[in-house]
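Got a structure for you, written out below as structure tokens; questions coming shortly.
The numbers here are math on the coordinates, done by the rules we state, and not lab data. Every value quoted in this text rests on a predicted model; they were computed, and no experiment measured them. Cβ atoms come from the backbone with ideal geometry, glycine included; neighbour counts cover every protein chain shown.
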Ligand code: PHB
């Protein structure tokens, strides 16, 4: 199996050298099924980047090859990553919405001589799985720890945590609990739900019974986050005064119209809000909205993809289009730029993105649309998850 892979890879490399004027980027994401809107946002971010910066780097045309992994499916992700490298001759792998999909493809990178640029998957440990992983999204450690500080500052003492039971959920729970307890707060109970959970009523009952003043929750953005927030409202937790605190995955802008006025006032911490006020974001929102066709569908995976393309363009520029994963990754260590989300930098040690984390409140804009309004900034946040793991 391994021998076959090496032989096929050699052929693929020869082919890609012969066609050096086109550089292929393989993008894996959910392009069909319940999470298709998240994948569509990957596509919108890529298209926005190419619309604003061109589809070539020097003489090299950059071609995107998409592969669909509709739900977290590590075996399918690894098989498609291998197919992209061996048969398509991609020089870069990118995308990866779900952590298990990124984890499964990371072991291929060194032998294939291919960097991986993660547009979303948010478990801290992914970057430790290969020296060729670079991430332009966020980690749930990075987005959840500031919420613990916000909770304490609001006078909340007792919290129950509820997370999806897989990498980013466990990281989110640990980040919140560790930070909240360091601030003097108490986590009275921690619930982990299977990723497939979509009936949240029993969970809402447990939250009520716990006597906590607030619930801190993480689920991966998609139909279930919308279901969770709806269930929180419909089961009377909001009316009972149990505060919902979460990273921004729970209030992605594309879900806000369906939540309506019942979402007003919800507090979340995140790296990006579509309403972020800057010239870079204005240009991004316009280009990504055009790519989507319906600007109301714009959400955070698009900014991870947009910045991911920036990193890939810099890698191509630095290597002159040659396939050299080490040189490509080395070239973006310490790379800093102004993203639509604010100032960012690739941490040279962790290869993860350093960025501002914003406290946002769901509000109604002057034009009647619902937005995540930034109300506080935690500047230049690295990934505390990796620091904690050391
Ligand atoms: C992940 O699987 O790492 C993931 C997916 C969706 C999110 C956050 C994290 O909103």
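How far is helix 279-292 tilted off the main Cα axis of the chain, in degrees rounded to 10, range 0 to 90?
80 degrees
Quick check on the exposure proxy: order 306, 96, 228 from fewest to most C-beta atoms within 10 angstrom.
228, 306, 96
Write down the percent of antiparallel bridges among all DSSP beta bridges whose residues are both part of the chain, to the nearest 5.
Roughly 35 percent of the beta bridges in the chain run antiparallel, per DSSP.
Something else now. Quote to one decimal, in nm, the extra length available between residue 83 and residue 333 on full extension: 0.36 nm per residue of separation minus the C-alpha distance between them.
Result for the pair: 87.2 nm of gain on full extension.
In percent, how large is the relative contact order of the stretch 182-301, given Cα pairs closer than 8 Å and 6 or more residues apart?
Values: 111 pairs, mean separation 25.3, N = 120.
Normalised by residue count, the contact order of the stretch 182-301 is 21 percent.
Mean-square fluctuation check for the chain, GNM, Cα pairs under 10 Å: which of 77, 124, 278 is largest?
Checking each option, the largest mean-square fluctuation is seen for 278.
May I ask you to derive the FRET efficiency for residue 21 and residue 75 from their Cβ-Cβ distance with R0 = 45 Å, giving the value to the nearest 0.05?
Numbers: r = 34 Å, r/R0 = 0.76.
That pair, residue 21 with residue 75, gives E of 0.85.
Can you tell me how much longer the chain between residue 366 and residue 63 gets when fully stretched, taken as 0.36 nm per residue apart minus their C-alpha distance, in nm with one decimal?
Taking residue 366 through residue 63 to full extension adds about 105.1 nm, to one decimal.
How are the alpha carbon pair distances in the chain distributed across 20 Å bins from zero to the largest one, expressed in percent?
30, 57, 13, 0
What relative contact order, as a whole-number percentage, does the chain give when Cα pairs under 8 Å and 6 or more residues apart are counted?
Reported as a whole number, the value is 18 percent.
Normalising by the residue count of the stretch 256-390, find the relative contact order in percent from Cα pairs under 8 Å and 6+ residues apart.
29 percent
Just how far, in whole angstrom, is the stretch 139-183 from the stretch 29-78 if you go by their alpha carbon centroids?
Taking the Cα centre of the stretch 139-183 as reference, the centre of the stretch 29-78 is 31 Å away.
While we're on this one: At 0.36 nm per residue, and after removing the present C-alpha to C-alpha distance, how many nm does the segment from residue 239 to residue 208 gain when stretched out fully?
Extending this stretch completely gives an extra 10.0 nm.
For helix 2-18, what angle does its Cα long axis make with the longest principal axis of the chain, in degrees from 0 to 90 and rounded to 10?
70 degrees
Kindly provide the helix-only [θ] at 222 nm of the chain, computed as the sum of -39,500 (n - 2.57) over DSSP H runs of four or more divided by all residues, to the nearest 500 deg cm²/dmol?
When only DSSP H runs of four or more count, the value is -13000 deg cm²/dmol.
Does the stretch 122-237 come out rounded, prolate or oblate by the C-alpha gyration tensor, with a ≥ b ≥ c the root eigenvalues, rounded set by a/c under 1.5 and, if not, prolate when a/b is larger than b/c and oblate if not?
oblate
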